[in-house]
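Since the structure comes first, as structure tokens, the remarks are kept for the end.
The values are calculated or read from the model by the stated rules, or taken from the named source; none is laboratory data. Computed from a prediction, not measured in an experiment: that's the story for all the values here. A quick note on method: Cβ atoms are made from the backbone with ideal geometry, for glycine too, and the neighbour counts reach across all protein chains shown. For accessibility, only protein heavy atoms count, side chains too; no ligands or nucleic acids. Shrake-Rupley method; radii C 1.70, N 1.55, O 1.52, S 1.80 Å.
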Amino acid sequence: QVQLVESGGGFVRAGNSLRLSCLYSGRLPDNGAVAWFRRAPGKEREFVGAIGRSTDITYYADSVAGRFTVSRDRTIRTVFLQMNSLKTGDTAVYYCAVAQRFGVRVADEYDYWGQGTQVTVSS
């Protein structure tokens, strides 16, 4: 069983940066991934980026590539989402999730979810 707790959300002006944290407990799947998703009001849940549990290789959605970075600090069991050059379209609830397999981008492939943290970007 894996438990995830996100933090770091808040209000920010467009163009600025924000860093989200996902503290995990329990054992991550050996070949799995820890990902960030987001859900904007009235929209479907969207894959943002992820990091491999054993490789630390990252992959991203096209909409955030070059602006967002996923990283992990194993010593404190935390995965980060560094968000730079934020846009109003990045406003959403951001979720941390864990999948059994690396490379997946579909929400249904993820077995464990956090409660989410709200990010609001104003113009």
- Those residues of the stretch 83-112 which are open to solvent by 60 Å² or more (accessible area, probe 1.4 Å) and under 15 Å from Ala35 (Cβ atoms) amount to Gln100, Arg101, Phe102, Arg105, Val106, Asp108, Glu109, Asp111
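For the stretch 9-27, enumerate the residues that are more than 10 Å from Arg77 (Cβ to Cβ) and in contact with a Cys (Cβ under 9 Å, 6 or more places away or on another chain). Write out each step before concluding.
As a first pass, look at the stretch 9-27 and keep what is more than 10 Å from Arg77 (Cβ to Cβ): 9-21, 27.
Within the stretch 9-27, Leu20, Ser21 meet the criteria.
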- State the number of residues belonging to the stretch 1-29 that are in contact with a Lys or Arg (Cβ under 7 Å, 6 or more places away or on another chain), open to solvent by 80 Å² or more (accessible area, probe 1.4 Å) and not aliphatic (A, V, I, L, M). 0
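Within the stretch 37-55, is even one residue outside any strand (DSSP E or B), surrounded by 16 or more Cβ atoms within 10 Å (Cβ to Cβ) and modelled with pLDDT under 95? Before the answer, list the steps.
Kept after step one, since they are outside any strand (DSSP E or B), are these residues of the stretch 37-55: 40-45, 53-55.
Restricting the remaining residues to those that are surrounded by 16 or more Cβ atoms within 10 Å (Cβ to Cβ) gives 45, 53.
Adding the requirement that they be modelled with pLDDT under 95 leaves 53.
Yes, some residue in the stretch 37-55 is outside any strand (DSSP E or B), surrounded by 16 or more Cβ atoms within 10 Å (Cβ to Cβ) and modelled with pLDDT under 95.
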- Identify, by number, the condition in (1) of a type in the set (Gly, Ala, Ser); (2) open to solvent by 20 Å² or more (accessible area, probe 1.4 Å); (3) in contact with a Lys or Arg (Cβ under 9 Å, 6 or more places away or on another chain); (4) at pLDDT below 95 that Gly32 doesn't meet. (2)
- Message: Looking only at the stretch 94-123, how many residues end up being under 21 Å from Ala65 (Cβ atoms), assigned to a strand (DSSP E or B) and of a type in the set (A, V, I, L, M)?
- Response: 4
- Query: Which condition breaks for Asn31 when tested against (1) part of a strand (DSSP E or B); (2) in contact with a Ser or Thr (Cβ under 8 Å, 6 or more places away or on another chain); (3) within 18 Å of Val2 (Cβ to Cβ)?
  - Reply: (1)
- Note on the structure: Residue pairs qualifying under the 6 Å Cβ cut-off, at least six apart or on distinct chains, with the first in the stretch 81-107 being touching a residue at least 40 places away in the same chain (Cβ under 8 Å) and more than 16 Å from Thr117 (Cβ to Cβ) and the second being of a type in the set (Asp, Glu) and surrounded by fewer than 23 Cβ atoms within 10 Å (Cβ to Cβ), are Ala99/Glu109
- Message: Which of the numbered conditions does Arg67 fail, given that it passes all the others? Conditions: (1) surrounded by 18 or more Cβ atoms within 10 Å (Cβ to Cβ); (2) touching a Ser or Thr at 6+ places or on another chain (Cβ under 6 Å); (3) free of Cβ contacts under 8 Å to residues at least 60 places away in the same chain.
- Response: (1)
